[in-house]
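Every read-out reported here was derived from the displayed coordinates using simple, explicitly stated rules and does not represent laboratory data. Note that the structure is predicted; figures quoted are calculated from it, not measured. Neighbour counts are summed over all protein chains in view; Cβ atoms, including those assigned to glycine, are modelled from backbone coordinates with ideal geometry.
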Amino acid sequence: MKKFLAVFDGYKMSPSTIDYAIQVTKLAEAHLVGIFLNEFIYHSYNVYEVMTTYKDYEEELKKLNAKDEEKREKAALKFQRICENQRIHFSIHKDKNVAIQELKHESMFADLIIINESETFTRYKEELPARFITDLLGDVQCPLLITYIPFLQSIFKTQSLSLNEFVIVGIASSLVFFAVEIDKVISKRASRQLAPA
């Protein structure tokens, strides 16, 4: 069974990533893994600001960390509910190390990674393409489906596909893949029959 990875930031879960992941997983009858990269230095709050603002900043950090953990858990539960409602095979994987390194490692065991073009795994806004995405593109070990990159539309004079159009393109491209695989099987059988015993 094919294994697809849908990559999420637990603080700001991308709707386009989950939508595309569900559709592509259903089409391929694959197993979908929700990857929640909970990088240990990434918080929804500014640590420096908390430490300089609160007298008992350690207690405040504990409260904020608990809220962060709750947000991440809610995101994972949302993913779980969506997958259960769509009746697809799924699992959830949570990493608490360096996000980019964890994802590159996971890519060695996946058939496809689905990620939103604006994922940064930081609190800061970045210009597109985000550093996280460019780092991932440099060393990923499987195909990567990046959901919605509007800045390329002006360069290539293109328009974004609707979800239905994307599904049609996926089916059409899969037909070519299956035709090549069938040709390989037929060629192997023919070569075995022609080989001397």
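Computed quantities for the displayed model
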| quantity | calculated |
| --- | --- |
| Quotient of Cα Rg and 2.2 N^0.38 Å for the chain, N being how many residues it contains | 1.27 |
| Derived scalar couplings ³J(HN,Hα) [region 6-23; Karplus, 6.51 cos²θ - 1.76 cosθ + 1.60; whole Hz; x for Gly, Pro] | 9, 9, 10, 9, x, 8, 8, 5, 7, x, 5, 5, 5, 4, 5, 4, 4, 4 |
| Packing-based exposure ordering (other Cβ within 10 Å, fewest first) of Thr147, Thr120, Thr53, Thr17 | Thr53, Thr120, Thr147, Thr17 |
| Using alpha-carbon coordinates, inclination of helix 57-86 to the longest axis of the chain, degrees | 30 |
| Residue pairs, from the table Lys3/Lys71; Lys26/Lys71; Lys2/Lys78; Lys3/Lys96; Lys55/Lys78; Lys26/Lys67, whose Cα atoms sit over 30 Å apart | Lys55/Lys78; Lys26/Lys67 |
| Virtual paramagnetic centre 7 Å along Cα→Cβ of Gln141, amide N under 15 Å, in region 7-23 | none |
| Likely footprinting exposure, Leu37, Leu27, fewest C-beta neighbours within 10 Å first | Leu27, Leu37 |
| Rounded to 10°, Cα long-axis angle of helix 163-194 versus longest principal axis of the chain | 40 |
| Residue exposure sequence - Leu77, Leu194 - by fewest surrounding Cβ within 10 Å | Leu194, Leu77 |
| Estimated vicinal HN-Hα couplings, Hz - region 37-46 in sequence order (Karplus 6.51, -1.76, 1.60; Gly, Pro = x) | 8, 9, 4, 5, 9, 9, 10, 7, 10, 8 |
